[in-house]
Structure formats: C-alpha cells, structure tokens
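Asks: Pasting in a structure now, in structure tokens, and then I'll have a few things to ask.
The values are calculated or read from the model by the stated rules, or taken from the named source; none is laboratory data. What you see is a predicted model, and the numbers here were worked out from it, not measured in a lab. As a convention, Cβ positions derive from the backbone with ideal geometry for all residues, glycine included, and neighbour counts pool all protein chains shown.
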Amino acid sequence: MPSVACLVAQTSENTTGLLDSLKQCQAIKQTALLLAGQATAPAGSHTIIEASSFWSKSAIVDILNWFEQTRADYLLLCLSCAPLLTSTGLQRLVNCCEDSGAVLAYSDYFDRRSDKSLHNHPLLDYQAGSLRDDFDFGPILLLNGKNLSSLGRTIENETPDLQYGGWYDLRLRLCQLGQLLHLPEPLYQLPELGQLPTSQKLFDYVDPQNRAIQFELEQVATTYLKRIGACLAQPVAAPREDGRTYPQKASIIIPVKNRAQTIGDAVESALSQKTTFDFNVIVVDNFSDDGTTQILAEKAKQDKRLVHLIPKSSDLAIGGCWNEAIYSNACGRFAVQLDSDDIYDGTSVLERVINEFDKNPYALVIGSYTTVDFNLAPLSPGLIDHKEWTDSNGHNNALRIAGLGAPRAFHVPTLRTIGFPNVSYGEDYAVVLRLSRTYRVGRIYDSLYWCRRWEENTDSSLSLELSNRYAAYKDKLRTIEIAARKRGSTNAK
C-alpha cells in the first residue's frame, strides 16, 4: 500500500481517539499536529506545525513543506480530532484515489449518535460549480502527493498573504489539476457534534463580524476565475426593451401557497405603498387549501389593484408562479418581489426601488432586509445587506456566495427573455446569476424588507437530504454559469 503522511488540525477537542486509531494504520508513515492560536499539544511525541490560524497561507505552505520532507505518497488531512478511521477505511480511500488518479479524495461517513446508533452522512459530488467556500468535504481528506511539492512553491510565490483563505486557495488550485473524487461510502465514524440550526447557518457568511473573511475569500475566488477564464469585466449592456405598452409601471409579485397566517399582512404591506406612479399587486395563489384563497378573493373585491391569479397548471413551484405573473398581461414594466410571509419596511419601498431603475439602466435591483421573528421582533444577525457585493466585482463574487439579498426587482422586458426555473429553492439565484453575467445590478444597502424567520420558512430546519439537494442544485447552476462565462457568452439570449 502507498505510504501516507497524516496532518491533524488540533482543536479544543480530545485528539486521543483519533491518534490511537491512526496508529493502527500501518500505511501511515508520519503524523503531525497543526496547532493554531492557544491550542496545546496532547501528551506524546508529535511533530508540531504552529500557525496563527488553521488555514492561513503560511499554515498551508508549512504543511506542504512538511509533507515534502516525509516523502510519503499521500497526505491525509484530518480537520477534526473526532473521526474514527480504520485501516480498511484508509486503504479503500487510497485505493480509489490510486485507481482514479484523483488529486483529492473524500468519502461519506457515519454519524455516531449518543445511543451508539450509526447513521450514514452523505456528502455531495464535487463539480465545476462547487466554487462556494463552504463546500463540505467532511473532516477527512486524502490529497495525492504527486503535485503537492510544486503546488506548495506556487502558493508560496504567487498567493498573497492570506489569514483565512489558505485552504480555499489550495483546493481551488487542486481542482484545476484534476478530479476531486467523492466516494459515496461511509469510511469512518464521527460523533454527532452540536449543529447550528439551519436558519442560523444560512446567515453565517453575511454576519458583519465575518466581513473581513468574506473579502479575502472573494479575492481567492476571483483570482481562480481569472485562471480558468471565467472572470468577467463589469457588464455594460443596456436592459432589453420589447416595444410593448405595459398597464402600469410596476407590479409587486407575491407567490403563495397555504399562508393564511401571513398573506393578509403581505398584501396590506404591498397595497399601502405610496408612489408617484401606478402599480398593482399580483398574487399567484398556487392552489391553497387553508383559507388563503378566500382571504385573497375578499381583498381583491376591496381593492382593484390586487390581481388574484390562480394558475391553470397544478405543477408549479415558486419559480413557475413567478413566470405566471411576469408573463401575464397584468404585469408592469418592473416586477418587485415580496414573499407571502414577509412585509415591506414602510410605505416608500416601492418608490425607492423603482427610482433606482430610473437613475441607471439596471436589469435588476436588489435591496437589503432585516431578519425578524413571526411577531416582527428583531432576530440575529439583523440587517442583511450583502455588502460583499461591489459594482465592479459582484457579478463574479456571486459565483461564490449562497444568495444576494432581497427584495429583488426586475426589468420585466429583460426578465422575460430568460424566465424562472420551475423550482422552489434557488430560482432567484439562477435568475440573478444569469442577469448579472450581462447586465449591471443595482444595490440598495438600507433595510427595505422585514424577513420573518419562523417554522414555516422553506429553509427552516432542513433535513440533511433536502439541504444536500438544495446545495447540489445551486452548484449545478454555478457549473452552467461558469461554462457560459468561459465561452464568453455575455450577450442575452
């Protein structure tokens, strides 16, 4: 069996179990511990690599230099001290890496619960669009040593000083060299550690405390896009015009299904907007059966600006409902988003958004929002302003991040040239990626929108299976978009 050098990232967790299990793997030639911050080494004789942070550039360079000295064939990275890896699990991982010629290999694993039961924890296949910096490889990765020495010298000479993005830079460089192999077999065990609620994880990367990290990761991602020929200059194309006459200047679009508790608030918030132009509110009622339909029918009688649409087709997701609205004869020249359980922050939001279109030839304007609970009390992290977006590079950085903010407003003639995918997660991300490839995006960084976080949100308490499916879909969107940008396809079709 080829030889393996193992690097363990030492944290506050106990390393004893992992180190004991590694001793059973005869293929492991040497081990080292990466100590960061105030971490201290456990008892015993270990090679120590000290770093200011786990994945700074200097830490990565030191790890690769140490690996070169071991003369091993593979580098095993253990990013947690908890995994229980057997010799057979390691051998399987090495064999598959050998057979495939992959530059990096990772596998599924078992969550070991407190009741001793084991549950398979599946990970995702890596694809060209898995550019996001939070892609989950699990805590054990095997790196093919064939190119690591030269890669270490390239990073040392070409990569700027990174405090947070060293690992991100390394794995993007690895994916340029060859396959990142996912083995859909559980090869080790991991105690189920405390997990953040899905709704909290969702906002980690936009927390203002992490802004410095985000700017550094953007730098790494943009440099990678330049290397593969997918980095675009700032778009200059004007939005498409279709020569049609629109019934009003703007429409507020609300897709809804079974939101009797909140749809009244949303509609009232929309109808209460004070504007210098005509607008309507188009609610696409996707066959609700909880009383939502009756609420909307009554409100439509009271205010003719409310257009209550019930689709003819019963197979529509949120994206399909948006298509029903934007292609309808009732739609205005601009379409502004409002989710059925949220409300606008005041009565001047619509005027403010449309004024951005009047000032600049945008195809899309995105605002900022504040997270609140069901009763509109503030929730952490509060204001979500997505200030990681810049006019000069936001359209490239969009390939790295998970979302781009709300409310979203569209120039309808341009939007009609692409439409929405008929899905209920990522439909907005797909459209923003496509539009930002060709057209400028306007941004408003003040809060325009109160986003309710409650148990009925589509991204609340997601199962692992559903979370994986959503993440894989966005990765696929990025894969398609990167391919288009590499071909230089910057004209709207």
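Asks: Going through Leu464, Leu433, Leu415 one at a time, which residue ends up being more than 22 Å from Asp345 (Cα to Cα) and out of contact with any strand residue (DSSP E or B) (no Cβ under 9 Å at 6 or more places or on another chain)?
Replies: Leu433
Asks: If you scan the range 405-449, which residues turn out to be among the hydrophobic types (A, V, I, L, M, F, W, C) and in a helix (DSSP H, G or I)?
Replies: Matches in the range 405-449: Val412, Leu415, Ala430, Val431, Val432, Leu433, Leu435.
To keep it simple, each residue is scored yes or no on (1) surrounded by 14 or more Cβ atoms within 10 Å (Cβ to Cβ); (2) at pLDDT 95 or above; (3) within 24 Å of the chain's Cα centre (by Cα).
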{"residue": "Asn147", "(1), (2), (3)": "yes, no, no"}
{"residue": "Gln163", "(1), (2), (3)": "yes, no, yes"}
{"residue": "Cys175", "(1), (2), (3)": "yes, yes, yes"}
{"residue": "Leu183", "(1), (2), (3)": "yes, yes, yes"}
{"residue": "Thr198", "(1), (2), (3)": "yes, no, yes"}
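Asks: Kindly establish whether Gly426 is farther than 16 Å from Ile253 by Cβ, among the small types (Gly, Ala, Ser) and assigned by TED's automatic domain parsing to the domain that holds Asp358.
Replies: When the stated conditions are applied, Gly426 passes them.
Asks: Hey, another quick one. Can you run down the residue pairs with Cβ atoms below 7 Å, 6 or more apart or on separate chains, where the first is in the range 176-194 and assigned by TED's automatic domain parsing to the domain that holds Leu131 and in a helix (DSSP H, G or I) and the partner is among the polar types (S, T, N, Q) and at pLDDT below 95?
Replies: Pairs found: Leu177/Asn147.
Asks: On to the next question. Report, by residue number, each residue of the range 370-396 that is over 14 Å from Tyr449 (Cβ atoms) and outside any loop (DSSP other than H, G, I, E, B).
Replies: Correct list: Ser380, Pro381, Gly394, His395, Asn396.
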